[in-house]
1. How long is the gain from ARG210 to GLU99 if the chain were fully straight, where each residue apart is worth 0.36 nm and the alpha carbon distance is subtracted?
2. Which distance in nm do the two modelled labels at ALA41 and LYS190 give, with both placed 7 Å along the Cα-to-Cβ direction?
3. Over segment 9-76, what relative contact order in percent results from Cα pairs under 8 Å that are six or more residues apart?
4. Amide H neighbours of VAL6 under 5 Å, at least 5 residues apart or on other chains, H built in the peptide plane: list them.
5. Explain nothing, just compute: Karplus ³J(HN,Hα) = 6.51 cos²θ - 1.76 cosθ + 1.60, θ = phi - 60°, for every residue of segment 182-194 in order, whole Hz, x for Gly and Pro.
6. Out of residues 5 or more away from VAL225 or on other chains, whose amide H comes under 5 Å of its own, with H placed 1.01 Å from N in the peptide plane?
7. Summarise the accessible area of segment 133-197 (1.4 Å probe, protein heavy atoms) by the percent that is carbon and sulfur.
8. Rank-order 208-216, 194-202, 238-246, 39-47 by packing density, defined as the average count of other C-beta atoms within 10 Å over each peptide's residues, highest first.
Amino acid sequence: MQRIAVVTGASSGIGEATARALTAGGWHCVLVARREDRLRALSDELGGEVELCDVGDRAAVEALAERVLERHPAIHLLVSNAGMPARGTFLKADLDLVERVMRVNYLGGVWCARALMPGLEASARAGGAHIVNVVSVAGTVSFAPAGAYAASKHAQLAFSRSLAAALRGSGIAVHSVLPGFVETEGFPQKNVLKSRLLRRFVIEPDDVARAILRGIDKGKQEIVVPWFPYRIVGIAQAVAPRLVGRFAGMSDYKSGAV
Ligand SMILES: NC(=O)c1ccc[n+]([C@@H]2O[C@H](COP(=O)([O-])OP(=O)(O)OC[C@H]3O[C@@H](n4cnc5c(N)ncnc54)[C@H](OP(=O)(O)O)[C@@H]3O)[C@@H](O)[C@H]2O)c1
């Protein structure tokens, strides 16, 4: 039986790379996002299914889950990856953006997990299922230049960790993936980051996709990619918040990028 994966945010970046890697590993992917042309081109290439959905809209996510579960009563993997940037400090960021980024980056994952739970439970009964939440190092470090984004990722990480604890022993493993800076369409880090040092640590979507597949195989609950320097920064946040505050300040954007 072919294993079914639902990948949100599959139309570009990390989600697209993950869908490619999963397909290469024998998975059948349901590709979720809003840009139909991009999803159709990918599904033509990979042989997956296209589902259009704004994950920031709860009713739309529930309707998506209904359609997917009708075709696939058992879901083996949910990759909650859809996400958006929100640059700007809490002093200046547009308040509609502050609200929207919480809906998409945090609540979108909550709604997807809840709505697809019957399918994940069906797989759990038949041998096991996985939920991967693509969070960010911004879930452990508070970046002033992207305050609302960091807040949404802190909420998403708390959700992901809580869900992992709630599902322990259920046969559904929850993995939180925390990438550092990754070069993608929504996050063109090499163009927008001011610090030359931080630009040196920018990785590619394929690196994250490989880490996701490895994490699932090895049953890792939390995956920081790359491990250096971001794991250390996360630990330092807890023990030396002032020092990390200075480091996080380096993540400021070039003028005109916000
Ligand atoms: N790049 C980084 O530096 C970085 C670092 C750490 C974590 N992350 C996280 O990684 C995830 C993927 O981002 P990426 O870097 O790969 O950026 P990306 O290339 O811009 O991809 C974002 C994906 O999310 C989808 N999306 C955005 N809003 C959506 C919505 N409301 N409903 C459904 N789909 C939506 C986009 O598709 P449509 O526009 O077609 O809907 C796209 O497929 C995000 O959660 C992001 O926070 C990124």
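The values are calculated or read from the model by the stated rules, or taken from the named source; none is laboratory data. Note that the coordinates shown come from a computational prediction; the quantities given were computed from them, not determined experimentally. Don't worry about glycine lacking a Cβ; one is built from the backbone with ideal geometry, like all the others, and counts go over all protein chains shown. Surface accessibility is based on the protein's heavy atoms, side chains included, excluding ligands, DNA and RNA. Shrake-Rupley method; radii C 1.70, N 1.55, O 1.52, S 1.80 Å.
1. Values: separation 111, 0.36 × 111 = 39.96 nm, distance 3.17 nm.
Length difference between fully extended and current span is 36.8 nm.
2. With each label placed 7 Å out from Cα toward Cβ, I get 1.9 nm.
3. Working: 75 pairs, mean separation 16.1, N = 68.
Here the relative contact order equals 24 percent.
4. Those lying under 5 Å, H to H, from VAL6 are VAL30, LEU77, LEU78, VAL79.
5. Values per residue, Gly and Pro as x: 10, 7, 9, 5, x, 10, x, 4, 5, 8, 9, 6, 7 Hz.
6. Here the answer is LEU178, GLY180, since their amide H atoms fall under 5 Å of that of VAL225.
7. Working: 1340 of 2300 Å².
Reported share for carbon and sulfur atoms: 58 percent.
8. Numbers: 208-216: 21.0, 194-202: 13.3, 238-246: 11.3, 39-47: 15.8.
With the highest mean Cβ count within 10 Å placed first, the list reads 208-216, 39-47, 194-202, 238-246.
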